[in-house]
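Just below is one structure, and these are the notes that go with it.
Every read-out reported here was derived from the displayed coordinates using simple, explicitly stated rules and does not represent laboratory data. The shown structure was predicted, so the numbers you read here are calculated from the model rather than taken from an experiment. Here Cβ is always computed from backbone atoms with ideal geometry, including for glycine, and neighbour counts include all displayed protein chains.
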Amino acid sequence: MNLKDKIALLPIEPGCYLMKNSNDEVIYVGKAKNLKNRVKTYFTGAHNEKTTRLVSEIRDFSYVLTNSEHESLILEINLIKQYLPKYNIRLVDDKTYPYIEITEEEYPKLQVVRQKDVKGKVFGPYPNVYGARETVRLLNRLYPLRKCETLPKKECLYFHIGQCLAPCIKKDVDYKDTVLEITRFLKGDTKEVLNKLNREMGKASEDMAYEKAIEFRDMINHIEATTEKQIINLNDFKDRDAISYAFSKDDISLQILMMRQGKLVDHHQVVFAYVGEVMDAVFSYLQQFYELLSPDEILFSNRFKWEDVEPYFGKKTLIPQKGDKKKITELASKNADYDLEHHYMLYRHKDEKKQKALEDLAELIKHPINHIEIFDNAQLFGTAPISALVVFRDGDFEKKSYRKYHLQTTTNDDYQAMKEVTYRRYQKLLLEGKPFPDLILVDGGKGQLSAAQEILDNLGLKIKIAGLKKNKTHSLEALVYQNEVIPLLKQSEVYKLLLKISEEVHRFAIDFHRSTRNKKAISSPLDDIKGIGSTRKKALLSHFSSIEDIKNASDETLQELGIPLEIAKKLKEELT
C-alpha cells in the first residue's frame, strides 16, 4: 500500500488518526482539525528524534471523523487510554479532561472535578480546562448556588452581593429551579445567558469601558468553548455500538463505532466486495462479528430498516430518530461514506486508470495489450554486461516471470546486447512453445529498437515492439514505434504506466548488475578451473600469497593441500 496515495485522499475535516506498525499495532494516536494536513506533516520535512523514530515504524493508519475539533480532543484521550500507544506520552495515565459537577446535596454546589465517578450530576468532559473553570465562575455569579464548602453560622459576603440564597440561615431554600436552569445551560441551551452577556458587552463598549467589554467577550468565548455539543462521551455508562454502512455496485463499507461505559473508545471499519443483495452481505458480516459477544445496546443508522434488523438482534436493537444517539449513528454513516469513497479512489479507481492506460497504449499501436515484456541492459565500462527482463501481465507485474541474462557476445555494445537478449528470450519461447507477449518494450531509442526488430524478423516472429526514448536527463519523454517518435504527455495515463514499467525494469537491472559486479570483484582465475571447488580454492589462497606462487609450487606441495596430482597438473597448465 502506498501511504502517499492514502494521505492524498484523506478528508480535510476534524477527527483522530491512528498510526500502525507492521504488526498492525496502534503506536500513536493524534487529533486534527484538518486530518489531511496534519497526517501529511509526518511524511514531509525534518522532525525531532522521537517523531523520526515514529515515522520509521509507520506502515499504515486509520482515522475516525468527528463533527468538530472539540469532539476530536475527547476522542483522542479515549483512544489513547484504550490502546496505550508507545509514542503517546501524555494522557496515558489516569489524567483526564475535567468535568463540571452539580453536587448531589440538599444545598448543591457547582464545581470542576477531574473524576467522573462522583455522586452528583456531571457534564463534560471539557478539553478547554481554563474555559471550564471560567464557565463555572460565571455560573456562580449568575446563579445563587451555595459557595461554601461547609455551611457557616451566619450569612457571608456572597449573600450580601446577591450570589447566594444563604441556606446557612434560611433552611427553606429550594434550589430545584436553579439546578434545572444550570442543567439546560450546560446541555447547550445558552441562548438566554449569551444574549444577556452580549447586551452587557455592547453597553460597556458604548460607555467606553473597554476592559469590562473585553471581560464580557472572554466570558462569551469560554461559554461557547465549554458548552459546544459533543457526542463522543455520553454520561450514561452504557456499552453500545453504533453501526452504519455505505455501498456501491461493487463494495460495501461498514463502520462500527464502539462506546464502552458511555465513551467512544474504538472503531471497526471494513470495505469488502459482495455478490447478491447488499443487506444479506451486511447482516452476514455482522452475524460473524457479533457471534461471541455483543454490547448492551446496538444502534443502527436510519439506512437500516427495523424489520431487517430486529430478527437478528432483537431487544438490543435501536434505530434512534432523534437526540445524541441518532447523532452517533450519523457519525458512523459519515465515516462509512468516506471509507467507501476513499477505497474506490485508492484501489478501484486506480485499477480503472491502469486499464485506461492499457487501452490508450493499445490504440497507439493498433493492437490489444495484456502481456508486456520490457528489457534493459547494463554495464560499467565493459564490466559485467547484463540484461534484465520484466513481465507485466493482467494489469500487474508478474515477478515470477522476471529473467536475468549474463551477456556473452559483447561487453559494451548496447545494440549487440539487445540482439543477444532478444534472440535468447524468444528462441527459447519458440522451442518451448510458450506464449509470446502482445508488446515488447526496449529501454532505448531507434537504434536499440532496430537491433531487436532484426532478431524478431530472423526468427519469423510478428510481435509488436516499441522503444522508450529518454531525454538528456534520462527521463522518459516519448514512445518510438514503427520509426515514429510519439511524444508522451506527463499527465496522461499512458505516460504514468510506461514510466512505472520503465522504472521497474531499471531497478531490476541495476540490482542484478550490482550483485554481478560484486561477484566479479571477489572472483579469481581459480573459479574457471575444473576440479577446483570452493574448498580447494580456499586452501590454495590461504597457503599461497599470489597466483604466481601457485604456478611455481611443486606437485608434492599441492598434493599436501589436498589437490590430486592430475588436477594439480591441470591447474598449472590453466594458470600458465
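Taking amide H atoms as placed 1.01 Å from N in the peptide plane, list the residues 5 or more away in sequence, or in a different chain, whose amide H sits under 5 Å from that of Glu13.
For Glu13, the qualifying residues are Leu35, Lys36.
Please give every one of the aspartates and glutamates within straight-line cross-link reach of Lys171, meaning a C-alpha to C-alpha distance under 19 Å, and leave out same-chain neighbours fewer than 8 residues apart.
Within the straight-line cut-off, Lys171 pairs with Glu104, Glu105, Glu106, Glu149, Glu155.
Go through 560-571, 253-264 and give me the packing order, highest mean Cβ count within 10 Å leading.
Put in order of decreasing packing, that is 253-264, 560-571.
With the crude spin-label approximation of a point 7 Å out along Cα→Cβ, what separation in nm comes out for Glu57 versus Thr576?
6.7 nm
Computed FRET efficiency, Cβ-Cβ of Thr183 and Val112, R0 22 Å: what is it to the nearest 0.05?
0.85
Which residue, chosen from Thr150, Leu461, Leu489, occupies the Cα position most advanced towards the positive end of the dipole of the chain, where the dipole is computed from +1 (Lys, Arg) and -1 (Asp, Glu) charges on Cβ about the Cα centre?
Checked the options; the winner is Thr150.
Against the longest alpha carbon principal axis of the chain, how many degrees, from 0 to 90 and to the nearest 10, is the axis of helix 534-543 turned?
Between the helix axis and the principal axis of the chain, the angle is about 80 degrees.
What are the lysines whose alpha-carbon lies under 21 Å from the alpha-carbon of Lys551, with same-chain residues fewer than 8 places away excluded?
Within the straight-line limit of under 21 Å, Lys551 reaches these lysines: Lys530, Lys537, Lys538, Lys569, Lys570, Lys572.
Over 31 Å between C-alpha atoms is what I'm after, so list which of Lys4/Lys33; Lys31/Lys249; Lys4/Lys356; Lys6/Lys472; Lys40/Lys327 land there.
Lys31/Lys249; Lys6/Lys472
Of the labelled options (1) 37.6, 123; (2) 24.0, 71; (3) 30.1, 107, which one gives Rg and Dmax of the Cα atoms in Å as computed for this structure?
Only one listed value fits the structure, namely (1).
Which order do the peptides 214-223, 471-480, 26-35 come out in when sorted by mean C-beta neighbours inside 10 angstrom, highest first?
With the highest mean Cβ count within 10 Å placed first, the list reads 26-35, 214-223, 471-480.
Highest first, please rank the peptides 319-332, 290-303, 132-145 by the mean number of other Cβ atoms sitting within 10 Å of their residues.
132-145, 319-332, 290-303
By the scheme Lys and Arg +1, Asp and Glu -1, what is the net charge of all other residues having a beta-carbon under 11 Å from that of Pro11?
Spelling it out: positives minus negatives among the neighbours equals -2.
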